[in-house]
Structures are given as structure tokens and as C-alpha cells.
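Data first, discussion second: the structure below is written as C-alpha cells.
The values are calculated or read from the model by the stated rules, or taken from the named source; none is laboratory data. The shown structure was predicted, so the numbers you read here are calculated from the model rather than taken from an experiment. Here the Cβ positions follow ideal geometry from the backbone for every residue, glycine too, while neighbour counts run over all protein chains shown.
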Amino acid sequence: MPDFILIEGDKANFMPTFGPATVVVKPGDMKGSGPATIGGKKICVAGDETKLSVPGCTYIAPPYVIPGTGTLKINSLAPNQKAMKTKTGGKPVLLKGGNFIARFEVQNPAKQPPPGPGSPIPDATPQYVGQGSFITTNMKFKGA
């Protein structure tokens with residue numbers, strides 16, 4: 001089913017729930033690398049999603065309630081987010097589609113307050129999985 005083609009500067013919006021972790025999310029800006037353009041902006045093609053990174057997001061994952069930080073990334077696209085027929089430069093264009101699988105990579109672990117005297121206990125989970133979706137400024141051109 002045709003959907004809107006993603007272009008340079010479109011947003012990747014992340015949902016705040018990453019399993020047991022709650023992340024203070026920020027949107028990421030897509031970078032397009034396709035040779036074709038829409039309105040002077042490069043079209044996003046397969047592989048561009050792997051370059052998106054939103055560092056410096058805080059999170060908690062009870063009982064680790066002392067906030068930590070990490071980076072949001074796109075783990076994998078939904079099947080309806082990669083065009084089957086529409087290509088530019090030999091690569092499928094990216095489409096708005098449904099929800100992608102996101103990952104939150106922990107850089108500075110959240111911590112659990114100590115049960116008594118001593119230091120806080122760090123979260124041992126290196127990454128969490130969640131979801132997100134694209135918001136596009138292109139409301140004219142669709143791909144399939």
C-alpha cells in the first residue's frame with residue numbers, strides 16, 4: 001500500500017516505554033542519502049535509519065530510580081516502512097509506515113538506592129527495546 005516517502009529532516013519519534021524502562025525521549029532527525037530529492041531535500045533510503053542516533057536521553061527502570069542516560073536508535077523497520085517497488089540510486093526508499101523497533105543503549109546506568117549504607121546499585125541491563133514512528137513533512141509524494 002503506498003505511503004509517504006521520508007525525506008531529510010523528517011522526525012523519528014520514540015515512545016517512552018522500553019520494557020521496564022521509561023525513557024525521557026527526544027525526536028531524532030533523519031538524514032537522507034538517496035540521490036533523488038523532494039522539495040530540495042534528499043530522499044531517505046534503506047540504511048539511512050541505521051545512522052539515526054539520539055544521545056543524552058535519561059531513563060529509569062524501577063527499582064533503579066536514580067536516573068541514568070543512554071542513546072536512542074532505530075533497531076529495525078516495520079515491513080511497511082521500506083518500499084518494495086519505489087527506489088532511488090538502486091535502494092528502496094523509506095516510507096512513513098507503521099511503528100519501527102527502537103533500542104535504548106545505556107551509557108550511564110540508572111541506579112537503585114542502597115538498602116543501607118553504601119553506594120547505589122547500577123542497572124546491569126545494557127539496552128532496552130521499544131517502538132517509535134516517523135513524522136514526515138512530505139504530504140505529497142508516495143512510494144510503494
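Before moving on, here are some points about what is shown:
- Test for GLU105: is it surrounded by fewer than 21 Cβ atoms within 10 Å (Cβ to Cβ), at pLDDT 95 or above and out of contact with any helix residue (DSSP H, G or I) (no Cβ under 7 Å at 6 or more places or on another chain): yes
- Test: residue in the range 38-49 that is within 30 Å of ALA110 (Cβ to Cβ), of a type outside the set (Val, Ile, Thr) and part of a loop (DSSP other than H, G, I, E, B): no
- The conditions of being farther than 20 Å from MET15 by Cα, surrounded by 13 or more Cβ atoms within 10 Å (Cβ to Cβ), at pLDDT 95 or above and more than 14 Å from the chain's Cα centre (by Cα) are met by THR37.
- Filtered residues of the range 1-34 (kept if hydrophobic (A, V, I, L, M, F, W, C), in a loop (DSSP other than H, G, I, E, B) and either at pLDDT 95 or above or crowded, with 20+ Cβ neighbours inside 10 Å (or both)): LEU6, MET15, VAL24, VAL25, MET30
- Per-region count, the range 88-99, residues crowded, with 16+ Cβ neighbours inside 10 Å and closer than 19 Å to LYS51 by Cβ: 8
- Enumeration of residues in the range 17-32 that are touching a residue at least 40 places away in the same chain (Cβ under 8 Å), closer than 18 Å to SER76 by Cα and of a type outside the set (A, V, I, L, M, F, W, C): THR17, GLY19, PRO27, GLY28
- Here LYS140 fulfils each of the conditions (1) closer than 16 Å to ASP10 by Cβ; (2) in a strand (DSSP E or B); (3) among the charged types (D, E, K, R) apart from (2).
- Residue in the range 70-78 that is among the small types (Gly, Ala, Ser) and buried (at least 17 other Cβ atoms within 10 Å of the Cβ) present: yes
- LEU94 passes every criterion in (1) within 22 Å of the chain's Cα centre (by Cα); (2) of a type outside the set (D, E, K, R); (3) part of a loop (DSSP other than H, G, I, E, B) apart from (3).
- Conditions (1) buried (at least 16 other Cβ atoms within 10 Å of the Cβ); (2) more than 18 Å from the chain's Cα centre (by Cα); (3) more than 20 Å from THR137 (Cα to Cα): number failed by VAL65: (1)
- Flag if GLY143 is within 21 Å of SER53 (Cβ to Cβ) and crowded, with 17+ Cβ neighbours inside 10 Å: no
Yes/no per residue for (1) assigned to a strand (DSSP E or B); (2) free of Cβ contacts under 8 Å to residues at least 60 places away in the same chain:
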site: TYR59; (1), (2): yes, no
site: THR69; (1), (2): yes, yes
site: PHE100; (1), (2): yes, no
site: PHE104; (1), (2): yes, no
site: GLY118; (1), (2): no, yes
site: THR125; (1), (2): no, no
